[in-house]
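Everything below concerns the one structure shown next.
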Amino acid sequence: MAITAGMVKELREMTGAGMMDCKKALTATEGDMDKAVEFLREKGLATAQKKASRIAAEGLCKVLVSEDGKTGVAVEVNAETDFVAKNETFQAYVAEVTAQAMATDKTDLEAFLAEQWLPDTSKTVAEALAGKIAIIGENMNIRRFQKVQENDGFVASYTHMGGKIGVLVDVVTDVVNDDIKEMAKNIAMQIAALKPQYTNQSEVSAEYIAHEKEILLAQIMNDPKESQKPEKVIQGMINGRVNKEMKEICLMDQVYVKAEDGKQSVKAYVDSVAKANNAKITVKGFVRFETGEGIEKKQEDFAAEVAKQMNA
């Protein structure tokens, strides 16, 4: 297939590789974007991970926790512009969607959109959304929601940058006090800042690790100096790099951002709080929503758009 300039631009933005390298990768993989990313990674020309979460769309992420702390919900609602995202009407609507998500027993978005809208039961959630689009004058979308329930502890929440990032943390504990609640909030801030993909290494599939090892081996084999090293040394290098990656993508293995020595892991921090409060604490999981995550935003010339409107 023909490799277009747009495809090269997209791959470059995803990987950080040079333009000619991106073109070569797309040509070698017949335009398959995912395979092209892998091609560049094997050549050591791309960043360690595909940038699949570029922030593009506008809107809000909102989190809500029930009064008893046992249930939390995270919601993302998108709009076209940041101007609308900061609008009080839009923000009030997002709050209503979040309350709906807290009350629902639905788990998938399609069923959620089809249920009755609580503020006006003569409408469905989808119909209420359509009405709000007509009032606000921009395209809007209830993109996703996720609920967390924890009967053997509590759910903590954190909102960053006025709703750009929303986090829920599922904490299992036999003691609930201010110290442990503060710990949970600190963990939520850690998740917002460092964007872990997993809670701990037990969640990482063997297939993922095997695939990463294949990529690392290909990188080493493409390096004239590294490839000459003994097999045992090469395997040690691969294992060392994989372990380093696990410490970046697994929450409990990350360096705790508030650690005074700059070395304490999140797990060590949680364990220290548990010991100080004579408690058993486990961070069971988390939800992290970032506004516009993974959505390609249309680039517009605002001045040209204004001129177009005036001439219409």
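The residues on offer are Ile187, Ile191, Ile249, Ile209, and the sole one that is touching a Lys or Arg at 6+ places or on another chain (Cβ under 7 Å) and within 25 Å of Glu293 (Cβ to Cβ) is Ile191.
Residues in segment 73-93 that are without any contact (Cβ under 8 Å) to a residue 40 or more places away in the chain and either under 21 Å from the mean Cα position of the chain (by Cα) or closer than 21 Å to Val169 by Cβ (or both): Asp82 alone. In the set (1) assigned to a helix (DSSP H, G or I); (2) among the acidic types (Asp, Glu); (3) at pLDDT 85 or above, Glu76 fails one condition alone, (1). Taken over segment 22-34, the residue count meeting the criterion of being closer than 22 Å to His211 by Cα and open to solvent by 40 Å² or more (accessible area, probe 1.4 Å) is 4. Every test in (1) surrounded by 19 or more Cβ atoms within 10 Å (Cβ to Cβ); (2) modelled with pLDDT of 85 or more is passed by Val37 save one, and that test is (2). Which members of segment 147-169 meet the condition of being surrounded by fewer than 16 Cβ atoms within 10 Å (Cβ to Cβ) and either on the phi < 0 side of the Ramachandran plot or modelled with pLDDT of 95 or more (or both)? Across segment 147-169, the qualifying residues are Gln149, Asn151, Asp152.
Within segment 66-91, count every residue that is hydrophobic (A, V, I, L, M, F, W, C) and closer than 15 Å to Ile133 by Cβ. It would help to see each step written out before you state the result.
Filtering segment 66-91 for residues hydrophobic (A, V, I, L, M, F, W, C) gives 73-75, 77, 79, 83-85, 90.
Restricting the remaining residues to those that are closer than 15 Å to Ile133 by Cβ gives 77, 79, 84-85, 90.
Residues meeting the conditions: 5.
If you go through segment 147-172 and keep only what is within 25 Å of Thr81 (Cβ to Cβ) and part of a strand (DSSP E or B), you end up with Thr159, His160, Ile165, Gly166, Val167. Of the set (1) touching a Leu at 6+ places or on another chain (Cβ under 9 Å); (2) of a type outside the set (Ser, Thr, Tyr); (3) within 25 Å of Thr159 (Cβ to Cβ), all apply to Met237 but (3). Those helices (runs of 4 or more DSSP H) of segment 186-276 in which at least 1 residues are open to solvent by 40 Å² or more (accessible area, probe 1.4 Å) and within 28 Å of Glu42 (Cα to Cα), considering only elements entirely within it, cover 206-221, 231-249.
The set of residues in segment 96-108 being surrounded by 14 or more Cβ atoms within 10 Å (Cβ to Cβ), assigned to a helix (DSSP H, G or I) and not hydroxyl-bearing (Ser, Thr, Tyr) consists of Glu96, Val97, Ala99, Gln100, Ala101, Met102.
If only residues of segment 134-145 that are surrounded by 14 or more Cβ atoms within 10 Å (Cβ to Cβ) and closer than 25 Å to Asp108 by Cα are counted, the one that is modelled with the lowest pLDDT is Glu138.
The values are calculated or read from the model by the stated rules, or taken from the named source; none is laboratory data. Because the structure is a prediction, the values reported are computed rather than measured. No Cβ is skipped: glycine too gets one built from the backbone with ideal geometry, and neighbour counts run over all protein chains shown. SASA here: full protein model, heavy atoms, side chains in, ligands and nucleic acids out. Shrake-Rupley method; radii C 1.70, N 1.55, O 1.52, S 1.80 Å.
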